[in-house]
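In what follows, a structure is listed as structure tokens, so that the remarks can point back to it.
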Amino acid sequence: QDISQKSSNLLRLNLILNNLVHSLNNVVQGNTILSPAHKDASGRLKKFDFIVSNPPFKLDFSDFRDQLEGEENRERFFAGIPKIKAKDTDKMEIYQLFIQHILFSLKENGKAAIVLPTGFITAQSGIDKKIREHLVENKMLAGVVSMPSNIFATTGTNVSILFIDKANKDEVVLIDASGLGEKIKDGKNQKTVLSRAEEQKICNTFTHKQAVEDFSVVVSYDEIKAKNYSLSAGQYFEVKIDYVDISVDEFAQKMAGFSADLDKLFTESAELEKEIKEKLQTLKFNESVINSSK
């Protein structure tokens, strides 16, 4: 289901080209959030095994926002509905509604992949935080991959891919792929392109739940709770401190050098302070300048 007529028609064409004509009736043009069309025989929203989504991040939905607050949507939008902004209504976080709708539409062991703004994975409060708490408390995460900036040529927004697996009660994979890719020009925009090897690295690391230094971590749900439900891989990386072995004499020499440098700086500071005071004492009030300006 897509609100865009153009996107809906392109999807129908794609199905025809891929010999999936039998699925044409599943394509519906309409408002997924306000009027979800895929329902079962009893009129309830259908549940799916797999969902893949790249929802709009921010969009003005102030014209139908209040219609979503009915009792029939309370369970679907469990974490809340974004408020109407006094200014910039086109920046309302509609992606938060899509995440909740997707979670509600998954079967008991369903899986989903959702492209989201990276800010979602670390937000300290609000709807984003409530959704992450729900994912962790109900143990339905597979992992998160934080992508490089400009992975989409049309936007500079940093994005992450949230992988949901309602059957995964064990460890979660968090990957920081922000350092990968090559920046190239795409028309007037700059885009980051991943090589095949980099794509394979991400896939293998995620699939095999590998911990790679400064790239990925494998964490438990309890560890995520302890980090305030953060899904950013970087917050779990081990902080490395490099120690250098030196002798007692070398240490004494370094300290003597630091002390000498400080003495020099203190002396220069005192001389500068003295010079400033002397300059201030030479300043005189010139009454003739004031009279001539009247």
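Counting other Cβ atoms within 10 Å, keep those with at most 15, restrict to DSSP loop, and tell me which trypsin sites (Lys or Arg not before Pro) in segment 47-126 are left.
On the way: sites: Lys47, Lys58, Arg65, Arg74, Arg76, Lys83, Lys85, Lys87, Lys91, Lys107, Lys111; in loops: Lys47, Lys58, Arg74, Arg76, Lys83, Lys85, Lys87.
Sites meeting the loop and neighbour criteria: Lys47, Arg74, Lys83, Lys85, Lys87.
Each of Gln67, Val21, Ile184 was scored by the projection of its Cα onto the charge dipole of the chain, and the greatest displacement toward the positive side belongs to Val21; charges sit on the C-beta of Lys, Arg, Asp and Glu.
Rounded, prolate or oblate: which fits segment 47-236 when a ≥ b ≥ c are the square roots of the eigenvalues of the alpha-carbon gyration tensor, with rounded for a/c under 1.5 and prolate only if a/b beats b/c? Oblate, because a/c is 1.5 or more while a/b does not exceed b/c.
Sorted on the mean count of surrounding Cβ atoms within 10 Å across their residues, most packed first, peptides 186-194, 223-231 read 223-231, 186-194. Along the axis of the charge dipole computed for segment 160-294 (Cβ charges of +1 for Lys and Arg, -1 for Asp and Glu, origin at the Cα centre), the listed residues Thr207, Phe163, Val239 are led at the positive end by Phe163. Placing a pseudo-label 7 Å from each Cα along the Cα-to-Cβ vector at Phe266 and Gln124 gives an inter-label distance of 3.9 nm. Within the same chain, lysines fewer than 8 places from Lys264 are excluded, and of the rest, those with a Cα less than 21 Å from its Cα are Lys254, Lys274, Lys277. A simple spin-label model places the labels of Asp63 and Leu283 6.4 nm from each other, with each point 7 Å out along Cα-to-Cβ. Just list whichever of Lys107/Lys139; Lys85/Lys130; Lys39/Lys111; Lys111/Lys191 have alpha carbons separated by over 24 Å in the model shown. From Lys107/Lys139; Lys85/Lys130; Lys39/Lys111; Lys111/Lys191, over 24 Å: Lys111/Lys191.
Each value in this text was obtained by applying a stated rule to the coordinates, not by laboratory testing. Quick caveat: nothing in here was measured; it's all calculated off a predicted structure. Here Cβ is always computed from backbone atoms with ideal geometry, including for glycine, and neighbour counts include all displayed protein chains.
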